[in-house]
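Below is one structure, written out as C-alpha coordinates; comments come after it.
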Amino acid sequence: MRFSLFVHMERPDTAKPHAELFAELEELVFMAEEAGFETAWIGEHHAMEFTIAPNPFIHLAYLGGRTRKIRLGTGTIIAPFWHPIKLAGEAALADLATGGRLDLGIARGAYSFEYERLLPGLDAMGAGKRLREMVPAIQRLWQGDYAHDGEFWKFPTTTTSPKPVQQPGPPIWIAARDPSSHDFAVGKGCNVQVTPLASGDEEVASLMTRFNAACANHPERARPQIMLLQHTFVSDSAAETDRLAKDLSVFYCMFGAWFQNKRPIHQGIMDPLSEAEMAAMPNYAPDVVRRTLVIGEPDEVVQRLKGYEQLGYDQYSIWIDSGISHERKKKSLDLFIRHVLPAFR
(Lines give C-alpha, C1' and ligand atoms only; values in the text may rest on other atoms or scores of the structure.)
Protein backbone atom coordinates (compact mmCIF):
# COMPACT_ATOMS: atom_id res chain seq x y z
CA MET A 1 0.00 0.00 0.00
CA ARG A 2 1.36 3.40 -1.03
CA PHE A 3 0.78 6.66 0.81
CA SER A 4 -0.25 10.15 -0.21
CA LEU A 5 -1.15 13.47 1.41
CA PHE A 6 -4.51 15.23 1.08
CA VAL A 7 -3.98 18.87 2.03
CA HIS A 8 -5.57 22.31 1.70
CA MET A 9 -5.12 25.80 3.00
CA GLU A 10 -7.56 26.30 5.89
CA ARG A 11 -8.08 29.51 7.84
CA PRO A 12 -10.23 29.59 10.97
CA ASP A 13 -8.79 32.97 11.98
CA THR A 14 -8.62 36.02 9.69
CA ALA A 15 -5.50 37.21 11.54
CA LYS A 16 -3.46 34.56 9.68
CA PRO A 17 -2.32 35.78 6.22
CA HIS A 18 -3.15 33.64 3.22
CA ALA A 19 0.49 33.85 2.11
CA GLU A 20 1.50 32.08 5.31
CA LEU A 21 -1.03 29.32 4.66
CA PHE A 22 0.33 28.92 1.13
CA ALA A 23 3.88 28.47 2.45
CA GLU A 24 2.73 25.99 5.10
CA LEU A 25 0.97 23.83 2.54
CA GLU A 26 4.11 23.83 0.43
CA GLU A 27 6.20 22.71 3.43
CA LEU A 28 3.89 19.75 4.11
CA VAL A 29 4.12 18.68 0.45
CA PHE A 30 7.92 18.90 0.62
CA MET A 31 7.87 16.63 3.69
CA ALA A 32 5.66 14.12 1.85
CA GLU A 33 7.91 14.09 -1.21
CA GLU A 34 11.08 13.64 0.84
CA ALA A 35 9.44 10.68 2.59
CA GLY A 36 8.57 9.02 -0.72
CA PHE A 37 4.83 9.61 -0.72
CA GLU A 38 3.11 8.77 -3.99
CA THR A 39 0.95 11.87 -4.44
CA ALA A 40 -0.09 15.20 -2.95
CA TRP A 41 -3.81 15.89 -3.47
CA ILE A 42 -5.50 19.31 -3.48
CA GLY A 43 -9.21 19.72 -4.15
CA GLU A 44 -11.58 22.44 -5.32
CA HIS A 45 -13.74 24.59 -3.05
CA HIS A 46 -15.17 28.06 -3.32
CA ALA A 47 -15.90 31.06 -1.10
CA MET A 48 -15.06 29.32 2.17
CA GLU A 49 -12.08 29.85 4.46
CA PHE A 50 -12.77 26.38 5.89
CA THR A 51 -11.17 24.91 2.75
CA ILE A 52 -9.36 27.38 0.49
CA ALA A 53 -8.92 25.92 -2.99
CA PRO A 54 -10.66 27.82 -5.82
CA ASN A 55 -8.53 26.18 -8.54
CA PRO A 56 -6.21 23.31 -7.57
CA PHE A 57 -4.41 23.46 -10.92
CA ILE A 58 -2.74 26.71 -9.83
CA HIS A 59 -1.37 25.14 -6.69
CA LEU A 60 -0.32 21.98 -8.51
CA ALA A 61 1.42 23.82 -11.36
CA TYR A 62 3.31 25.88 -8.78
CA LEU A 63 4.29 22.76 -6.84
CA GLY A 64 5.29 21.07 -10.08
CA GLY A 65 8.12 23.56 -10.41
CA ARG A 66 9.14 23.18 -6.77
CA THR A 67 9.13 19.37 -6.52
CA ARG A 68 10.89 16.60 -8.42
CA LYS A 69 9.05 13.30 -8.22
CA ILE A 70 5.86 13.37 -6.15
CA ARG A 71 2.71 13.09 -8.24
CA LEU A 72 0.26 15.98 -7.97
CA GLY A 73 -3.46 15.33 -7.98
CA THR A 74 -6.76 17.15 -7.91
CA GLY A 75 -8.62 15.75 -4.99
CA THR A 76 -11.12 16.62 -6.41
CA ILE A 77 -12.30 18.87 -9.25
CA ILE A 78 -16.05 19.57 -8.94
CA ALA A 79 -17.37 18.45 -12.32
CA PRO A 80 -20.53 20.58 -12.67
CA PHE A 81 -18.54 23.80 -12.22
CA TRP A 82 -16.48 23.13 -15.38
CA HIS A 83 -17.01 22.87 -19.12
CA PRO A 84 -15.44 19.68 -20.56
CA ILE A 85 -13.25 21.61 -23.02
CA LYS A 86 -11.98 23.92 -20.28
CA LEU A 87 -11.28 21.09 -17.84
CA ALA A 88 -9.57 18.88 -20.42
CA GLY A 89 -7.37 21.76 -21.58
CA GLU A 90 -6.40 23.00 -18.12
CA ALA A 91 -5.65 19.46 -16.97
CA ALA A 92 -3.45 18.91 -20.03
CA LEU A 93 -1.58 22.14 -19.34
CA ALA A 94 -1.13 21.17 -15.68
CA ASP A 95 0.22 17.81 -16.80
CA LEU A 96 2.72 19.65 -18.98
CA ALA A 97 3.67 22.03 -16.15
CA THR A 98 4.28 19.12 -13.74
CA GLY A 99 6.29 17.06 -16.20
CA GLY A 100 3.62 14.40 -16.62
CA ARG A 101 2.87 14.01 -12.91
CA LEU A 102 -0.81 15.00 -12.86
CA ASP A 103 -3.58 12.78 -11.48
CA LEU A 104 -7.07 14.13 -12.24
CA GLY A 105 -9.56 13.44 -9.46
CA ILE A 106 -13.16 14.38 -10.25
CA ALA A 107 -16.26 14.46 -8.04
CA ARG A 108 -19.84 15.70 -8.24
CA GLY A 109 -19.33 17.99 -5.22
CA ALA A 110 -21.10 17.91 -1.89
CA TYR A 111 -21.72 21.39 -0.46
CA SER A 112 -25.09 22.99 -1.27
CA PHE A 113 -23.37 26.23 -0.18
CA GLU A 114 -21.25 26.00 -3.33
CA TYR A 115 -24.04 24.73 -5.58
CA GLU A 116 -26.31 27.69 -4.81
CA ARG A 117 -23.53 30.16 -5.59
CA LEU A 118 -21.97 28.67 -8.72
CA LEU A 119 -24.91 26.80 -10.26
CA PRO A 120 -28.18 27.73 -8.52
CA GLY A 121 -30.75 24.97 -8.55
CA LEU A 122 -28.19 22.20 -8.80
CA ASP A 123 -28.65 19.16 -6.56
CA ALA A 124 -26.55 16.05 -6.00
CA MET A 125 -28.41 14.05 -8.65
CA GLY A 126 -27.93 16.73 -11.29
CA ALA A 127 -24.27 17.08 -10.33
CA GLY A 128 -23.78 13.33 -10.67
CA LYS A 129 -25.31 13.37 -14.17
CA ARG A 130 -22.90 16.10 -15.23
CA LEU A 131 -19.96 14.10 -13.85
CA ARG A 132 -20.98 11.04 -15.87
CA GLU A 133 -21.30 13.04 -19.06
CA MET A 134 -18.03 14.88 -18.50
CA VAL A 135 -15.61 11.99 -17.89
CA PRO A 136 -15.88 10.24 -21.29
CA ALA A 137 -15.87 13.65 -23.00
CA ILE A 138 -12.53 14.54 -21.38
CA GLN A 139 -11.06 11.18 -22.35
CA ARG A 140 -12.06 11.79 -25.99
CA LEU A 141 -10.93 15.44 -26.01
CA TRP A 142 -7.40 14.44 -24.99
CA GLN A 143 -7.27 12.35 -28.16
CA GLY A 144 -8.70 15.22 -30.18
CA ASP A 145 -11.13 15.94 -33.00
CA TYR A 146 -14.11 15.10 -30.84
CA ALA A 147 -17.62 16.56 -31.18
CA HIS A 148 -20.08 16.27 -28.30
CA ASP A 149 -23.88 16.29 -28.25
CA GLY A 150 -24.98 15.60 -24.69
CA GLU A 151 -27.64 16.60 -22.19
CA PHE A 152 -25.58 19.36 -20.60
CA TRP A 153 -22.93 20.29 -23.17
CA LYS A 154 -22.82 20.49 -26.95
CA PHE A 155 -19.83 21.52 -29.05
CA PRO A 156 -18.42 20.87 -32.54
CA THR A 157 -15.21 19.01 -33.34
CA THR A 158 -12.62 20.07 -30.78
CA THR A 159 -9.22 19.06 -29.46
CA THR A 160 -7.28 20.14 -26.38
CA SER A 161 -4.25 22.30 -26.84
CA PRO A 162 -1.79 21.43 -25.44
CA LYS A 163 -2.08 17.67 -25.34
CA PRO A 164 -1.23 16.02 -21.99
CA VAL A 165 2.25 14.57 -21.51
CA GLN A 166 0.80 11.29 -20.24
CA GLN A 167 -0.93 9.24 -22.90
CA PRO A 168 -3.72 8.49 -23.44
CA GLY A 169 -4.07 11.06 -20.64
CA PRO A 170 -3.49 11.62 -16.93
CA PRO A 171 -5.03 8.93 -14.71
CA ILE A 172 -8.61 9.87 -13.81
CA TRP A 173 -9.88 9.16 -10.30
CA ILE A 174 -13.60 9.23 -9.49
CA ALA A 175 -14.81 10.00 -5.97
CA ALA A 176 -17.27 7.18 -5.33
CA ARG A 177 -19.55 6.09 -2.50
CA ASP A 178 -22.66 4.30 -3.78
CA PRO A 179 -22.40 1.12 -5.88
CA SER A 180 -23.46 2.84 -9.11
CA SER A 181 -20.60 5.37 -8.77
CA HIS A 182 -18.10 2.55 -8.33
CA ASP A 183 -19.57 0.78 -11.35
CA PHE A 184 -19.38 3.93 -13.49
CA ALA A 185 -15.74 4.57 -12.55
CA VAL A 186 -14.56 1.03 -13.22
CA GLY A 187 -16.57 0.82 -16.44
CA LYS A 188 -14.86 3.97 -17.76
CA GLY A 189 -11.39 2.71 -16.87
CA CYS A 190 -10.97 5.17 -14.01
CA ASN A 191 -9.40 4.76 -10.60
CA VAL A 192 -11.54 5.24 -7.49
CA GLN A 193 -11.20 7.51 -4.45
CA VAL A 194 -13.26 6.71 -1.35
CA THR A 195 -13.59 8.14 2.12
CA PRO A 196 -15.61 6.82 5.04
CA LEU A 197 -15.46 10.30 6.63
CA ALA A 198 -16.03 9.50 10.33
CA SER A 199 -18.02 6.28 9.81
CA GLY A 200 -15.27 3.89 10.90
CA ASP A 201 -13.78 0.63 9.71
CA GLU A 202 -17.11 -1.04 8.92
CA GLU A 203 -17.63 1.58 6.21
CA VAL A 204 -14.02 1.16 5.04
CA ALA A 205 -14.72 -2.54 4.44
CA SER A 206 -18.09 -1.79 2.82
CA LEU A 207 -16.51 0.65 0.35
CA MET A 208 -14.06 -2.03 -0.72
CA THR A 209 -16.91 -4.50 -1.17
CA ARG A 210 -18.64 -2.05 -3.51
CA PHE A 211 -15.43 -1.56 -5.47
CA ASN A 212 -14.81 -5.30 -5.80
CA ALA A 213 -18.38 -5.80 -7.01
CA ALA A 214 -17.85 -3.14 -9.68
CA CYS A 215 -14.64 -4.83 -10.82
CA ALA A 216 -16.49 -8.15 -11.07
CA ASN A 217 -19.16 -6.45 -13.19
CA HIS A 218 -16.50 -5.34 -15.70
CA PRO A 219 -14.23 -8.29 -16.52
CA GLU A 220 -13.32 -6.47 -19.75
CA ARG A 221 -11.45 -3.86 -17.68
CA ALA A 222 -8.15 -4.30 -15.89
CA ARG A 223 -8.59 -3.74 -12.16
CA PRO A 224 -8.10 -0.02 -11.49
CA GLN A 225 -6.55 1.42 -8.35
CA ILE A 226 -8.53 2.37 -5.25
CA MET A 227 -7.46 5.01 -2.75
CA LEU A 228 -8.73 5.37 0.82
CA LEU A 229 -8.85 8.90 2.23
CA GLN A 230 -8.98 9.18 6.00
CA HIS A 231 -8.10 11.65 8.73
CA THR A 232 -4.91 10.24 10.21
CA PHE A 233 -2.85 11.66 13.07
CA VAL A 234 0.03 10.11 14.96
CA SER A 235 0.66 11.14 18.55
CA ASP A 236 3.49 10.62 21.01
CA SER A 237 1.33 10.26 24.13
CA ALA A 238 -2.12 9.31 25.35
CA ALA A 239 -2.72 12.94 26.30
CA GLU A 240 -1.96 14.14 22.78
CA THR A 241 -4.23 11.42 21.36
CA ASP A 242 -7.09 12.71 23.52
CA ARG A 243 -6.36 16.29 22.44
CA LEU A 244 -6.42 15.27 18.77
CA ALA A 245 -9.73 13.47 19.25
CA LYS A 246 -11.25 16.65 20.71
CA ASP A 247 -9.83 18.77 17.87
CA LEU A 248 -11.14 16.39 15.18
CA SER A 249 -14.52 16.35 16.90
CA VAL A 250 -14.73 20.13 16.51
CA PHE A 251 -13.55 19.88 12.89
CA TYR A 252 -16.25 17.35 11.98
CA CYS A 253 -18.94 19.34 13.72
CA MET A 254 -17.93 22.34 11.60
CA PHE A 255 -17.83 20.10 8.52
CA GLY A 256 -21.37 18.98 9.30
CA ALA A 257 -22.49 22.58 9.76
CA TRP A 258 -21.02 23.61 6.40
CA PHE A 259 -22.76 20.63 4.81
CA GLN A 260 -26.11 21.61 6.32
CA ASN A 261 -25.61 25.19 5.04
CA LYS A 262 -27.83 26.85 7.66
CA ARG A 263 -25.47 29.01 9.75
CA PRO A 264 -24.38 32.62 9.22
CA ILE A 265 -21.11 33.10 7.32
CA HIS A 266 -19.04 36.30 7.37
CA GLN A 267 -15.99 36.84 5.17
CA GLY A 268 -16.02 33.15 4.31
CA ILE A 269 -15.93 32.06 7.97
CA MET A 270 -18.82 30.33 9.69
CA ASP A 271 -19.86 31.46 13.15
CA PRO A 272 -18.40 29.14 15.82
CA LEU A 273 -20.55 26.32 17.17
CA SER A 274 -21.65 26.35 20.79
CA GLU A 275 -21.03 23.42 23.13
CA ALA A 276 -24.74 22.62 22.94
CA GLU A 277 -24.71 22.59 19.14
CA MET A 278 -21.73 20.24 19.07
CA ALA A 279 -23.35 18.00 21.68
CA ALA A 280 -26.30 17.70 19.29
CA MET A 281 -23.97 15.88 16.87
CA PRO A 282 -23.14 12.75 18.91
CA ASN A 283 -21.76 10.95 15.85
CA TYR A 284 -18.85 13.43 16.00
CA ALA A 285 -18.23 13.26 19.75
CA PRO A 286 -14.56 12.95 20.78
CA ASP A 287 -14.91 9.33 21.93
CA VAL A 288 -16.54 8.44 18.60
CA VAL A 289 -13.96 10.05 16.32
CA ARG A 290 -11.22 8.57 18.51
CA ARG A 291 -12.55 5.18 17.42
CA THR A 292 -13.61 5.88 13.83
CA LEU A 293 -10.68 8.00 12.65
CA VAL A 294 -7.05 6.86 12.63
CA ILE A 295 -5.70 8.66 15.69
CA GLY A 296 -3.12 7.24 18.09
CA GLU A 297 0.45 6.34 18.81
CA PRO A 298 2.49 4.65 16.06
CA ASP A 299 1.81 0.99 16.88
CA GLU A 300 -1.94 1.54 16.89
CA VAL A 301 -1.83 3.43 13.60
CA VAL A 302 0.28 0.72 11.96
CA GLN A 303 -2.20 -1.94 13.05
CA ARG A 304 -5.17 -0.03 11.63
CA LEU A 305 -3.41 0.62 8.31
CA LYS A 306 -2.27 -2.99 7.97
CA GLY A 307 -5.93 -3.94 8.09
CA TYR A 308 -6.71 -1.58 5.22
CA GLU A 309 -3.80 -2.98 3.25
CA GLN A 310 -5.17 -6.49 3.71
CA LEU A 311 -8.54 -5.35 2.39
CA GLY A 312 -6.82 -4.48 -0.89
CA TYR A 313 -6.43 -0.69 -0.86
CA ASP A 314 -3.69 0.43 -3.24
CA GLN A 315 -3.17 3.90 -1.82
CA TYR A 316 -3.85 5.45 1.57
CA SER A 317 -4.17 9.23 1.72
CA ILE A 318 -3.58 11.12 4.95
CA TRP A 319 -6.26 13.80 5.25
CA ILE A 320 -4.39 16.43 7.23
CA ASP A 321 -6.99 19.25 7.18
CA SER A 322 -8.13 19.51 10.78
CA GLY A 323 -8.19 23.04 12.13
CA ILE A 324 -5.09 22.36 14.25
CA SER A 325 -1.91 24.41 14.04
CA HIS A 326 0.66 23.91 11.31
CA GLU A 327 3.27 22.89 13.88
CA ARG A 328 1.04 20.11 15.17
CA LYS A 329 0.33 18.92 11.62
CA LYS A 330 4.07 18.79 10.97
CA LYS A 331 4.66 16.90 14.19
CA SER A 332 2.05 14.27 13.34
CA LEU A 333 3.33 13.89 9.77
CA ASP A 334 6.91 13.58 11.01
CA LEU A 335 5.87 10.85 13.48
CA PHE A 336 4.06 9.06 10.67
CA ILE A 337 7.10 9.22 8.40
CA ARG A 338 9.56 8.05 11.07
CA HIS A 339 7.49 5.48 12.94
CA VAL A 340 4.62 4.27 10.70
CA LEU A 341 5.90 4.39 7.14
CA PRO A 342 8.82 1.94 7.74
CA ALA A 343 6.29 -0.80 8.54
CA PHE A 344 5.11 -0.66 4.91
CA ARG A 345 8.47 -0.77 3.15
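The values are calculated or read from the model by the stated rules, or taken from the named source; none is laboratory data. These numbers come from a predicted model, not from an experiment. Positions of Cβ are generated from backbone atoms using ideal geometry, with glycine treated the same way; all protein chains shown enter the neighbour counts.
For GLN193, the conditions (1) buried (at least 22 other Cβ atoms within 10 Å of the Cβ); (2) in a helix (DSSP H, G or I); (3) touching a residue at least 40 places away in the same chain (Cβ under 8 Å) are fulfilled apart from (2).
Within region 326-342, residues that are of a type in the set (Ser, Thr, Tyr) sit with their Cβ atoms under 7 Å from residues that are modelled with pLDDT of 95 or more, at 6+ positions apart or across chains, in these pairs: SER332/PHE233; SER332/VAL234.
Residue by residue through region 308-330, note down the ones that are out of contact with any Gly (no Cβ under 9 Å at 6 or more places or on another chain) and closer than 11 Å to LEU228 by Cβ. Across region 308-330, the qualifying residues are TYR308, GLU309, LEU311, GLY312, TYR313, ASP314, GLN315, TYR316, ILE318, TRP319.
All conditions in (1) in contact with a strand residue (DSSP E or B) (Cβ under 6 Å, 6 or more places away or on another chain); (2) more than 26 Å from GLU133 (Cβ to Cβ); (3) surrounded by fewer than 24 Cβ atoms within 10 Å (Cβ to Cβ) hold for GLU20, with the sole exception of (1). Restricting GLN225, GLN303, GLN230 to residues that are within 25 Å of TRP41 (Cα to Cα), free of Cβ contacts under 8 Å to residues at least 24 places away in the same chain and not basic (Lys, Arg) narrows the list to GLN303.
For region 330-345, a tally of residues being assigned to a helix (DSSP H, G or I) and either surrounded by fewer than 20 Cβ atoms within 10 Å (Cβ to Cβ) or modelled with pLDDT under 95 (or both) returns 11. Listed by first and then second residue, the pairs linking a residue in region 87-102 that is at positive phi and at pLDDT 95 or above to a residue that is polar (S, T, N, Q) and assigned to a loop (DSSP other than H, G, I, E, B), with Cβ atoms under 8 Å apart and 6 or more places separating them unless they lie on different chains, are GLY100/GLN166.
Within region 140-165, the set of residues being in contact (Cβ under 8 Å) with a residue 60 or more places away in the chain, touching a strand residue (DSSP E or B) at 6+ places or on another chain (Cβ under 7 Å) and surrounded by 19 or more Cβ atoms within 10 Å (Cβ to Cβ) comprises just one member, HIS148.
For region 213-226, the criterion of a residue being assigned to a loop (DSSP other than H, G, I, E, B), under 30 Å from GLY189 (Cα atoms) and of a type in the set (Asp, Glu) is satisfied by at least one position. Taking the numbered list (1) in contact with a strand residue (DSSP E or B) (Cβ under 6 Å, 6 or more places away or on another chain); (2) surrounded by fewer than 18 Cβ atoms within 10 Å (Cβ to Cβ) in turn, LEU244 passes all entries but (2). Based on what the data block shows, is ARG132 in contact (Cβ under 8 Å) with a residue 24 or more places away in the chain, under 14 Å from ALA79 (Cα atoms) and buried (at least 17 other Cβ atoms within 10 Å of the Cβ)? Spelling it out, ARG132 is indeed in contact (Cβ under 8 Å) with a residue 24 or more places away in the chain, under 14 Å from ALA79 (Cα atoms) and buried (at least 17 other Cβ atoms within 10 Å of the Cβ).
Residues that are hydrophobic (A, V, I, L, M, F, W, C) and more than 10 Å from ILE78 (Cα to Cα) were ranked within region 105-119; the one that is surrounded by the fewest Cβ atoms within 10 Å (Cβ to Cβ) is LEU118.
Here GLU90 meets the list (1) closer than 20 Å to ALA35 by Cα; (2) over 14 Å from the mean Cα position of the chain (by Cα) almost entirely, failing just condition (1). In this structure, ALA147 does not qualify as farther than 16 Å from ALA92 by Cβ, at pLDDT below 95, not β-branched (Val, Ile, Thr) and not in a helix (DSSP H, G or I).
Only one entry in ILE269, ILE324, ILE295 is surrounded by fewer than 16 Cβ atoms within 10 Å (Cβ to Cβ) and β-branched (Val, Ile, Thr), namely ILE269.
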